[in-house]
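Only the coordinates and a few stated rules stand behind these numbers; no lab work does. Values in this document were obtained by computation on a predicted structure and should not be read as measured data. Using ideal geometry, Cβ is built from the backbone for each residue, glycine included, and neighbour counts are taken over all protein chains shown.
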Amino acid sequence: MALWDRIQAREAEKAKATEEAAEKLRLLRKRGADRNIRDAYFHGLVFAACANDDEGKVDDSERHSLESVASGLNMSSRRVSDVISRVSTLNDDEKMDLIKEVLGNFQDANVAEFFLYEFSGIWELGGGTSVALAGFKAEYFDKFMPQGVVAELKK
C-alpha cells in the first residue's frame, strides 16, 4: 500500500473512531448519566491527558479532543478550561486521589466501557505508551472501579 493510501486509511479510521466516540457520548447522556457521572467522566479524561507524559500538561491535540468530548457532555468551554487548569495543577498524590474517585463513580459497566475507550484515546493521543497504559489500567482500574463493574467488563 502506498504512503498516500496508508495516510488516507489512517485518517478514515480516526474519523470513524471519532464518530463512534461521539455516538457513545450521546448514548451516555441518553442512559441518564447524571451530571456527577458526566463530571467524573470528564475529570478522568483530563487526568489521562495530564498523566500520559512527563510534563503533565494538556497539549493542543488533547485539548481539542477534550473539548469535543465536553461538547457531547454539554459542558461549556469555560468549564473545560477550568477543569484542565485545576487538574493540571494537582500534585501526583492529588491526581491519584482524583482518578480513584473518578473510577469509584462508575456504577454502570456501559459508562465504564465508554470511559475506558475515551481514556485510552486521550492517553495515546498525548504520546502515552500502550505499555504504560496497560500497566496503569491493570494496577488502578481493576482496583478502584466497583468490583461488579470490573467483572462485567471482563466478560
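Residues of region 37-73 with amide nitrogen under 16 Å from the 7 Å Cα-to-Cβ point of Glu113?
From region 37-73, the list is empty.
Rounded, prolate or oblate, given the Cα gyration tensor of region 32-155, with a/c below 1.5 counting as rounded?
oblate
Return the subset of Lys100/Lys143; Lys95/Lys143; Lys57/Lys95; Lys16/Lys155; Lys14/Lys155 for which the Cα-Cα distance in this structure is over 18 Å, preserving the input order.
Flagged as over cut-off: Lys16/Lys155; Lys14/Lys155.
Let me have the relative contact order for region 5-140, percent, based on Cα pairs under 8 Å that are six or more residues apart.
Over region 5-140, the number comes to 35 percent.
I need the peptides 45-54, 7-16, 124-133, 99-108 ranked by packing, meaning the mean over residues of other C-beta atoms within 10 angstrom, with the highest value on top.
Top to bottom by mean Cβ count within 10 Å: 45-54, 99-108, 124-133, 7-16.
Per residue of region 130-144, in order, report the coupling 6.51 cos²θ - 1.76 cosθ + 1.60 (Karplus, θ = phi - 60°) as ³J(HN,Hα) in whole Hz, putting x for Gly and Pro.
Whole-Hz 3J(HN,Hα) from phi for region 130-144: 5, 5, 5, 4, 4, x, 5, 4, 4, 6, 10, 5, 5, 7, 9.
Using a simple charge model, +1 on the beta-carbon of Lys and Arg, -1 on the beta-carbon of Asp and Glu, nothing else, what dipole does region 12-155 show about its Cα centre, in debye to the nearest 20?
About 640 debye.
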